[in-house]
Amino acid sequence: MCGIVAYLGERAAAPVILNGLKRLEYRGYDSAGLAVLDRESIVVKKSKGKIASLEELIQDNYPGGNIGIGHTRWATHGRPSDANAHPHLDCEGYFAVAHNGIIENYLQLREWLIKKGHKFTSETDTEVIPHLLEHFYTGDLVATVQKALQHLEGSYSLVVLCKDHPEMIVAARKNSSLVIGLGRGENFVVSDVPAILEYTKNAIILDNGEIAVVRRDQVEVTNFAGEPVDKQPIEIQWDPIQAEKEGYEHFMLKEIHEQPKALKDTLYPRLEKKGTLFNLEGITISPEEVKKLEKIVIVGCGTAYHAGLVGKYVIEKLLRIPVEVDIASEFRYRNPILKENDLVIAISQSGETADTLAALNEAKSRGLRVLAITNVVGSSISRYADDLFYTWAGPEIAVASTKAYLTQLLALYIITIQFAQIRGTMSAEEAAELIEELKRLPELVQQIFAEEEKFKQLAEICSDASSVFFIGRGLDYPVALEGSLKLKEISYIHAEAYAAGELKHGTIALIEEGTPIIALVTQKEIMDKTLSNVKEVNARGARVIGVTLEGSEDVEKTVDQVIYLPVTSQILTPILTVVPLQLIAYYTAVSRGCDVDKPRNLAKSVTVE
């Protein structure tokens, strides 16, 4: 979602800010802007549309100055427009503010400020912040920010630039990520680490309820009450080269091809040289607590939710305890029945997903233990959870998640194998056999890429369709959901996924001559059932693409086109099955001329409810 980049140092601020904003484009946005303190005035440039539009507006007339703030906005309050783009100013141009999140009481504050004589120029909730600063300003910028924050309700990360204080930027965070990049004679404030990888790998992660006063050579952090907070810098392990396309046409294609490496990076450091238990240093739940578990609840959004659905099948089969999977945005509001010996697993690529954070906090407020699976070191979810599993997938820039999803699945397999041995539902011999299959997965995924030309051809079947349906049973069903999501989010084709047996309960009425159906048929014990459903859509004129394992000739006889996958343990097939679906979605979007990495209306990190 919205991106923040602020800079102060020896360099010209505007080019640094624009460069940082470009590295946050994957988050999704509809307008961009910057504010630079140029001598004695704040110069604001902002534009609806992409950063290229902002650069065209500025052309070679960049604002001077070595301190400034920038923003990419994903509209929540007010349509995308020049006026609604950030940063926003107060009436006199003393303060510039860029903000991520939502100010829930902005209408009341806006009405109150208008009565006090303030004039607003946008429809946004954010604009109340600079006007509050103007109202309370006494000359002490930090005290003024503290006073203004007392009146804000909602979630925010924000940066403040003040004309009277050319030596500092003030930043504050509540329920929305904010990172301070530490340089030499220069510092940065950003909403996500890719914006600073070119300049520094040293950072301070702000926590909820903290304010940072950032100068060129110093950073001071306090809580909202002004009490000092000791913050230790961390080193960001991501390689900045990983955030470049490296010759690929799109980040999404690059990240699909990085999946074998991502699987290795997540698995191999956790393998012990002897035995079948993993080294899970971030998971401190004791064997006694694992044995007492009565239920596991998995929460996530979108792709992470689909990973949780696969996890349900795997955990219930291998661990033999019940699993509930919740869309994180629904978890709090259904008043779930939770008990002392339940475990909540929260899954989020970014670690900043607002709904997943809210679900995590709900679980913790009820006294439950929370295990987080995330890809971003130092993210909110990673800090607030009791136990932690990092998926070392590296930076994922494309909005559509690929390698993060595969490593989330791998994380769930690893955790399940560990817990199953502790609870005695899996022998060491069974675990060793499955671990050997896990080790083969990177190579097997790599083999799938040899069929890439075929996936391009199959994408042509989908590219002209008005609807595409995905079907599967058992472990194939949640993978069908993920395949459907990938296609719809980047190609804008209507796509739906169904448990194959449900087609005849209404959906089959939508099947017309030539309708593409992608049927996942990898589960041997229910293969005949799925093929019966395939025949039902064949009889209605559908064009069926089957995805199955090598050696399943009965599938080829039943479908129009077949994709064969390398053979692995049946329970591990979701890690292979999804790869051709990712590539078909990608090549379909390319064929239709879509903006693959930045699909319309979507954001990478969804930091609002």
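The values are calculated or read from the model by the stated rules, or taken from the named source; none is laboratory data. Computed from a prediction, not measured in an experiment: that's the story for all the values here. Neighbour counts run over all protein chains shown; Cβ positions are idealised from the backbone, glycine included. Remember, those area values only see protein heavy atoms, side chains included, never the ligands or the DNA or RNA. Shrake-Rupley method; radii C 1.70, N 1.55, O 1.52, S 1.80 Å.
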Ranking LYS163, LYS524, LYS291 from most to least accessible area with a 1.4 Å probe gives LYS524, LYS291, LYS163
Expressed per residue, the solvent accessible area of the chain in Å² (1.4 Å probe) is about 38
Dividing the mean separation of Cα pairs under 8 Å (6+ apart) by the residue count of segment 448-537 yields a relative contact order in percent of 34
Rg from C-alpha atoms of the chain, normalised by the globular rule of thumb 2.2 N^0.38 Å, equals 1.01
Charge tally for neighbours of ASN187 with beta carbon under 9 Å away, counting Lys, Arg as +1 and Asp, Glu as -1, is 0
Heavy-atom accessible area of HIS257, protein chains in place, probe 1.4 angstrom, given in Å² to nearest 10, is 50
By accessible area (1.4 Å), largest first, ASP164, ASP125, ASP265 order as ASP164, ASP265, ASP125
Rounded to whole angstrom, the alpha-carbon centroid of segment 470-515 lies from that of segment 133-186 at a distance of 47
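For GLU167, GLU288, GLU452, write out the residues from largest to smallest accessible area, computed with a 1.4 angstrom probe and no ligands counted.
On the way: GLU167 80, GLU288 110, GLU452 25 Å².
These residues rank, largest area first, as GLU288, GLU167, GLU452.
Over the chain, what is the mean sequence separation of C-alpha contacts under 8 Å (at least six apart), divided by residue count, expressed as relative contact order in percent? Let's see the in-between values first.
Values: 1354 pairs, mean separation 74.4, N = 609.
For the chain, the relative contact order is 12 percent.
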One would report the Cα pair-distance distribution of segment 243-344, bin width 5 Å, in %, as 2, 10, 13, 16, 19, 15, 10, 8, 4, 2, 0
Taking the chain and counting helices only, DSSP H stretches of n ≥ 4 at -39,500 (n - 2.57) each over all residues, the nearest-500 ellipticity at 222 nm comes to -10500 deg cm²/dmol
SASA check, TYR477, accessible area w/ 1.4 Å probe, all protein chains in place, rounded to nearest 10 Å², comes out at 70
Expressed in angstrom and ordered largest first, the alpha-carbon extents of segment 402-522 along the principal axes are 51, 36, 21
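Does segment 440-486 come out rounded, prolate or oblate, given a ≥ b ≥ c as the square roots of the eigenvalues of its C-alpha gyration tensor, rounded meaning a/c under 1.5 and, failing that, prolate meaning a/b above b/c? Intermediate results must be reported in sequence, preceding the final value.
Values: a/c = 3.06, a/b = 1.17, b/c = 2.61.
Since a/c reaches 1.5 but b/c is at least a/b, the shape of segment 440-486 is classed as oblate.
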Semi-axes (Å, rounded, descending) of the ellipsoid equivalent to segment 329-379 per its C-alpha gyration tensor are 19, 12, 8
Normalised Cα Rg of segment 366-409, dividing by 2.2 N^0.38 Å with N its residue count, works out at 1.24
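As an exercise, take the mean of 1/r over every pair of distinct alpha carbons in segment 457-609, invert it, and state the Kirkwood radius in angstroms. Write out the running numbers ahead of the final one.
Details: mean 1/r = 0.0642 Å⁻¹.
Kirkwood radius, segment 457-609: 15.6 Å.
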Segment 542-561 scanned against label point 7 Å out from GLU512 along Cα→C-beta; backbone N under 14 Å for 542-543
